[in-house]
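Structure record follows, encoded as structure tokens.
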Amino acid sequence: MQKYTFVLLIVLIALVGCTTQQGISGNGNTVNSNNQTLGDNLQQEKNPIAVFKTNKGTFKAEIYADKAPITGKNFVELAKSGFYNGLSFHRYVEGFVIQGGDPKGDGTGGSSKKIPLEIVPGLTHVKGSLGMARSQDPNSASSQFYVSLEDIHQLDGNYAVFGQVTDGFGVVQQLRQGDIIERVSIE
């Protein structure tokens with residue numbers, strides 16, 4: 001099933017590949033503790049910060065609850081409930097994404113709740129952005145999320161962006177399929 005999902009993602013990328021969009025600049029680039037420049041998504045103060053403790057280290061991400069309230073609230077509620085604790089990253093595609101949040105661990109599972117696709121102008125798939133995975137049904141997102149390892153604007157307009165890594169992107173770059181999300185907490 002994982003192979004089927006991966007092939008589906010590649011087909012989608014091929015179909016959308018020529019329709020990339022440019023990101024809209026917010027308050028400037030984000031620079032993490034490794035002095036790496038991350039994407040240029042909109043940044044707002046007072047949004048929740050998700051702290052991801054993994055077997056490779058810790059990284060933090062701002063959750064855009066103000067700009068993507070449906071997706072942001074869903075992620076924060078799941079994190080606060082402990083849903084993500086102990087799950088693995090079930091997908092790694094070099095130069096593309098690291099993906100987790102599936103309780104089955106194979107890309108076919110999710111939480112009991114589905115949310116509608118929430119596309120927000122100005123929130124784009126830049127390096128370090130958090131996006132919500134889904135099936136072919138645009139309104140099928142649940143708990144699976146991914147972190148963009150590079151700018152992947154071919155996904156803009158098709159998948160919801162709801163956050164941005166703000167610290168520890170070097171940890172994200174070390175994550176691979178099978179690594180563990182030990183805990184996600186919300187500050």
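The values are calculated or read from the model by the stated rules, or taken from the named source; none is laboratory data. All figures in this text were calculated on a predicted structure; none of them were measured in a lab. Note: ideal-geometry Cβ built from the backbone for every residue, glycine included; neighbour counts use all protein chains shown.
S185 - would you say it is in contact (Cβ under 8 Å) with a residue 40 or more places away in the chain, under 23 Å from D66 (Cβ atoms) and surrounded by 23 or more Cβ atoms within 10 Å (Cβ to Cβ)? Walk me through how you get there before you give the answer.
Numbers: in contact (Cβ under 8 Å) with a residue 40 or more places away in the chain: yes; under 23 Å from D66 (Cβ atoms): yes; surrounded by 23 or more Cβ atoms within 10 Å (Cβ to Cβ): no.
No, not satisfied.
Between E62, E77, E94, E118, which is free of Cβ contacts under 8 Å to residues at least 60 places away in the same chain and in contact with a strand residue (DSSP E or B) (Cβ under 8 Å, 6 or more places away or on another chain)?
Details: E62 fails: free of Cβ contacts under 8 Å to residues at least 60 places away in the same chain; E77 fails: in contact with a strand residue (DSSP E or B) (Cβ under 8 Å, 6 or more places away or on another chain); E94 fails: in contact with a strand residue (DSSP E or B) (Cβ under 8 Å, 6 or more places away or on another chain).
Exactly one residue qualifies, and that residue is E118.
Any idea how many residues of the stretch 76-115 are over 21 Å from V172 (Cβ atoms) and buried (at least 20 other Cβ atoms within 10 Å of the Cβ)?
1
Going through V126, V172 one at a time, which residue ends up being surrounded by 21 or more Cβ atoms within 10 Å (Cβ to Cβ), of a type outside the set (S, T, N, Q) and under 20 Å from V76 (Cα atoms)? Lay out the reasoning, then the answer.
Numbers: V126 fails: under 20 Å from V76 (Cα atoms).
Selected residue: V172, the only one of V126, V172 that is surrounded by 21 or more Cβ atoms within 10 Å (Cβ to Cβ), of a type outside the set (S, T, N, Q) and under 20 Å from V76 (Cα atoms).
Kindly list the number of the only condition in (1) modelled with pLDDT of 50 or more; (2) over 22 Å from G107 (Cα atoms) that fails for S88.
Among (1) modelled with pLDDT of 50 or more; (2) over 22 Å from G107 (Cα atoms), the lone unmet condition for S88 is (2).
Out of (1) crowded, with 20+ Cβ neighbours inside 10 Å; (2) at pLDDT 95 or above; (3) closer than 16 Å to V171 by Cβ, the odd one out for I49 is which?
(1)
Of the numbered conditions (1) aliphatic (A, V, I, L, M); (2) over 14 Å from Q99 (Cα atoms); (3) buried (at least 17 other Cβ atoms within 10 Å of the Cβ), A141 fails exactly one; give the number of that condition.
Of the numbered conditions (1) aliphatic (A, V, I, L, M); (2) over 14 Å from Q99 (Cα atoms); (3) buried (at least 17 other Cβ atoms within 10 Å of the Cβ), the odd one out for A141 is (2).
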